[in-house]
Amino acid sequence: MCEKKESVYHKDVSPTEIVEISVCIDKTNDAELSRAINSMFRWYRNAARCYVYLSDPWELEFQRSRWFTRGWTLQELLAPSSVEFFSQEGKRLDNEYSGFSAPRGPFILVQRQQLNEDKAYSLLGIFRVYVLPIYGEGTAMAFKRLMDEISKLEKCKRIKDTKGGLLKDSYRWILKNSNFQQWRDDQQSRLLWIKGDPGKGKTMLLCGIVNKLKKSIATTDLLSYFFCQAADSRINNATSVLQGLLYLLVNQQPSLANRSLRMRMPSTLSGLPKLLDFIARMSSVCPRIKWMVSSRNWPSIKKDLKIVMQNMRLCLKLNKKSISTAVATYIRYKVDQLAERNGYSNNTQDAVQSYLLLNANDTFLWVALVCQELVYISQWDARQKLTTFPPGLNGLYGRMIDQMKNSEVADLCKRILAILSVMYRPLTLDELTSFIDMPDGVAGDYEALSEIIGLCGSFLTLRERTILFVHQSAKDFLLKKASNEIFPSGKGETHHEIFLRSLKVMSRTLRRDIYSLGALGYPIERVKQPDPDPLAASRYSCIYWVDHLCDWNSNSCAKHGVDLQDSSAIKEFVRKNYLYWLEALSLCRSMSNSVVSMGKLKALLQGTADVSALLQLVRDARRFVMYHKQAIEDSPLQAYTSGLVFTPICSLIRDHFKEEEPKGITIRPDMEDKWSACLQTLEGHSDSISSLASGSDDNTVKIWDASSG
């Protein structure tokens with residue numbers, strides 16, 4: 001490292017031409033070091049000439065200089081092979097060494113860098129991600145943060161791919177919009193609400209804005225974003241939004257972790273109104289934070305944000321000219337693809353483009369869905385089929401339902417759409433086969449399953465092996481406009497079917513040590529999902545079976561709780577599979593669901609007659625998991641060791657699983673006969689308790705959910 005950057009520059013050398021750039025960085029300046037590390041790949045790639053500063057005496061034996069012996073980084077492979085050398089004094093060496101061709105060979109992949117973390121940091125440019133260098137965090141943590149950033153990049157790419165790809169011309173207009181520019185540039189404008197109807201391109205607009213802001217914001221600024229997905233209960237709630245935003249901020253600036261508790265965040269944030277209220281208050285009291293919210297044009301959002309909105313609303317409907325131009329560009333792009341794929345004549349291409357322009361109603365999604373259908377229509381038939389696509393999303397969805405009803409697999413497709421419409425998250429193909437009776441030979445045949453998904457009227461799309469609705473408006477249409485068609489017996493019966501099939505698939509697949517961990521204390525952080533995954537078909541059922549039972553009861557007109565047949569099935573499952581279920585939840589990293597599920601089941605049974613034996617069993621099961629949750633969460637197989645050994649002697653769960661108790665223990669702890677009457681003791685509150693806090697000598701504070709542990 002040189003004390004003065006100028007000392008390495010030859011008078012004819014541009015700084016952008018320096019390749020052995022690490023000698024030109026002031027490593028005592030954190031901001032400069034961070035900027036340099038994240039830019040180094042680009043510098044190497046764009047370099048036209050290579051200059052090397054030799055920091056050690058070179059006169060004795062030139063090729064034993066440290067520059068030759070230190071090893072090479074991956075990004076140095078991109079450097080020009082012609083190299084000119086400079087001495088410690090900044091003097092260019094004579095022609096004997098100038099023009100030397102940089103060595104190439106297998107050894108160049110060996111990395112012996114000064115600091116271990118550089119093994120991860122040197123890959124930032126290659127993967128086009130940004131990570132704040134924190135020397136001292138260790139190689140493992142540096143690689144973990146690198147992989148987190150790569151994962152986020154892949155998630156953004158999947159969002160764009162699911163929406164048909166990000167076309168720059170479809171979002172550039174907003175960068176010149178006066179409301180957007182005011183929000184971006186004016187310190188007093190801290191909140192911008194972008195609102196529009198379904199399919200108008202809000203998601204792609206936000207993706208484009210994120211891309212632009214990433215490139216344009218100052219290095220001292222932080223950018224955090226979160227895309228909700230209404231069909232996935234894991235990422236469609238206010239708590240997930242804030243967790244995601246905070247995670248991105250802390251990941252970019254880890255020192256924020258020491259200050260994040262100072263934020264005045266509510267202990268629970270479960271609904272949209274509370275989230276909007278929080279955003280409104282934060283935008284009022286925190287002048288250095290800017291918020292952008294995108295949603296449909298719902299009056300409730302306008303009401304919740306009205307206090308701080310002033311005139312900072314960007315309505316897509318009021319920007320009709322810009323949206324129309326963007327949609328027209330998108331249409332030309334999609335029709336060009338169709339013409340190339342299907343061999344359209346000029347007349348056919350013009351006819352398709354004209355029809356789409358006339359009927360799109362400035363809706364990207366309508367264009368995408370029609371073009372998706374046209375892909376499978378021959379070029380000679382395309383012009384005639386055009387008129388069968390009605391304008392408007394609801395009209396198009398209605399056509400898709402009509403087409404599906406007339407197909408040979410109409411009943412199968414309706415069952416698939418009904419099941420997927422009420423799920424708490426998107427299902428995988430393996431999980432779907434747990435809830436649908438597929439034709440012989442189809443289950444396990446991913447190609448055949450993918451073909452069946454494609455027959456469901458373009459309502460669905462596949463991302464790898466996960467089934468997604470093509471858009472939230474498609475799911476809304478099925479639930480509101482086509483409910484009678486896909487739920488002939490009502491939504492409640494669909495929930496009930498999911499509940500019963502969940503018990504069936506779990507009883508069939510769950511077993512002790514399903515991942516073959518072997519060691520009873522095998523830690524969860526070392527567990528890797530095997531391939532094939534024995535939990536692939538039952539993973540969803542493990543987490544949500546009780547929720548669907550409760551949903552069936554809430555959708556039932558009689559509200560009769562659990563009937564005798566269902567109570568018998570639940571009792572059988574708990575008696576034979578309860579510990580296997582807890583192990584599976586631990587492997588799924590969803591152990592807290594066990595406490596919540598047993599609590600819901602207990603509450604449901606308390607309002608049901610003739611289930612006293614089952615209620616007693618569920619109470620015991622709930623006490624078991626509340627007492628042993630942490631141990632099982634940390635090591636899945638502890639359900640059978642400490643879980644059974646340290647449980648009261650007369651526990652029903654201990655009795656049902658006595659064959660699973662460890663056999664080699666000669667001296668066993670002296671346990672009580674029954675569970676203590678005391679579940680938890682908390683004092684000093686005048687109302688119900690929703691969360692707890694704990695502090696530790698390791699300088700951490702944790703907030704605990706009282707209902708789930």
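Data overview
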read-out	value
Solvent-accessible area per residue, Å², over the stretch 487-528 with all protein chains present [probe radius 1.4 Å]	53
Prolate/oblate/rounded label for the stretch 314-416 (Cα gyration tensor, a/c 1.5)	oblate
Amide H partners (placed H, <5 Å) of V470, local residues excluded	L460, T461
Highest average packing first - 368-379, 194-205, 435-446, Cβ atoms within 10 Å	194-205, 368-379, 435-446
Computed lengthening from D350 to F226, 0.36 nm per intervening residue step minus Cα-Cα distance	40.7 nm
Inter-site label distance for T387 and F646 at 7 Å from Cα along Cβ, in nm	7.7
Inter-probe distance in nm under a simple model that places probes 7 Å from Cα toward Cβ, at S676 and R463	4.6
Residue-span extension gain [S691 to D705] - 0.36 nm each, minus C-alpha spacing	4.6 nm
Nonlocal amide H pairs with L314, under 5 Å, H built at 1.01 Å	W193, I194, K195
Contour excess over end-to-end distance, with Cα ends at L318 and K658 and 0.36 nm allotted per residue	115.5 nm
Förster radius 35 Å - calculated FRET efficiency between D148 and D437 (Cβ-Cβ, nearest 0.05)	0.30
Residues with amide H under 5 Å from that of Y53, placed H, sequence gap 5 or more	F86
Probe 1.4 Å - accessible area at L601, Å² to nearest ten	0
Whole-percent carbon and sulfur share, accessible surface of the stretch 337-426, 1.4 Å	46
Cα-projected label distance for T666 with A140, points at 7 Å along beta-carbon direction, nm	3.6
Carbon plus sulfur fraction of accessible area for the stretch 586-680, probe 1.4 Å, in percent	50
Accessible area per residue, Å², the stretch 603-685 with all protein chains present, probe 1.4 Å	57
Cα gyration tensor, the stretch 473-623 - rounded (a/c under 1.5), prolate or oblate	oblate
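The values are calculated or read from the model by the stated rules, or taken from the named source; none is laboratory data. All figures in this text were calculated on a predicted structure; none of them were measured in a lab. In this analysis, Cβ positions are derived from the backbone assuming ideal geometry, glycine residues included, and neighbour counts consider all displayed protein chains. To get the accessible areas, we keep the full protein, side chains included, count just its heavy atoms, and leave off ligands, DNA and RNA. Shrake-Rupley method; radii C 1.70, N 1.55, O 1.52, S 1.80 Å.
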